[in-house]
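Quick notes on the structure that follows.
The values are calculated or read from the model by the stated rules, or taken from the named source; none is laboratory data. As the structure is a prediction and not an experimental result, all values here were calculated from the model. Cβ atoms come from the backbone with ideal geometry, glycine included; neighbour counts cover every protein chain shown.
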């Protein structure tokens, strides 16, 4: 029993084996990390490609629709109130649906931006009254 008790816990062979296992683990860590990162990137690129393919399909469908003369005539009648030659068309002025169609055809109203010289003059007036000093002092 004394021979087993005196025997060291870590032998030379065990230490060498531990160093070899650590070296193998360290040499494999970087390639495995790169492999996982590349697989993630490939998955992201495949998702982006699928999104772009669906966008291309939608645009191609829209192009085909716009090349259809029947669709163009229908759209011109609905949105622009066009009529065929020799046809009598009427637009009821009090018709709310017609007004809504005209508004939707025109698109959403954009906010009117003030001209550059008005913005410049307002900034000069703000500097003159001292309103701009607080904003300039807060940044420094």
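So which of 41, 65 is surrounded by 10 or more Cβ atoms within 10 Å (Cβ to Cβ), under 31 Å from the mean Cα position of the chain (by Cα) and closer than 24 Å to residue 100 by Cβ? Write out each step before concluding.
Values: 41 fails: closer than 24 Å to residue 100 by Cβ.
Going through 41, 65 in turn, the sole match is 65.
What helices (runs of 4 or more DSSP H) completely inside the stretch 86-140 contain at least 2 residues that are at pLDDT 85 or above?
Passing ranges, in order: 116-129.
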